[in-house]
Amino acid sequence: MRLIFITLLALALATAVGLGSTYLTATRGTDLGTLTIGAWTARPKAGSSEIDPYSRASIARSGELPVGTGDGIAFTATTDDKNKPLDGRCDVIVSGVTPAARFWTLTLFDRKGHLVANSLQRYGFTSQEIVRGSDGGFEIRVAARSRAGNWLPTGGIERYALMLRLYDTPVGVATRTQRDAPMPAITTVNCP
């Protein structure tokens, strides 16, 4: 009787650990095949047939449509360059230049992957509409209150994510460093 009880307990424990780890990898993903440059993270193989099974499960669960490998790459940031979570009550400055790309978009999402509601109905910027400096660089201020220049409203939400999609770009699987792909800096300022 004791052997049966121990066997059932071991099976129950193995089932719980297996289902728990499957849930965590499907919701949070893994670091397999990720490309991290500063605060920005991408999965270059997500839009290809070489995608790992964990990323495939995460995409199937979220319903997102990844950018195809030949089309471009999508980078996500949930923290600033000092690893502080992006807070919609603070002012965050995204500045600098992007890697070479024919077109790019920068979009603001909540942590569930939805666009952040705001009174202006502005959810992001594109490379064609952004105001740039004389050196070609840009500065986007992500903040709850109106700011001059390139302003992206957060609606005052507590946590959010930024997604930078680069289309028709050489950045991809072979990219390894900031020198290969100069990514914009993310800096938190004026935080209550």
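Read-outs throughout are calculated quantities, based only on the coordinates presented, and are distinct from any laboratory measurement. All values derive from a computational prediction rather than experimental measurement.
With 0.36 nm allotted per residue and the present C-alpha distance subtracted, the residue 119-residue 34 stretch has 27.1 nm of extension available. Fully extending the segment from residue 135 to residue 15, taken as 0.36 nm per residue of separation minus the present Cα-Cα distance, adds 37.4 nm.
Karplus-based coupling profile of segment 90-107, in residue order and whole Hz: 9, 8, 10, 10, 9, 9, x, 10, 10, x, 4, 7, 5, 7, 9, 10, 10, 10, with θ = phi - 60° in 6.51 cos²θ - 1.76 cosθ + 1.60 and x standing for Gly or Pro.
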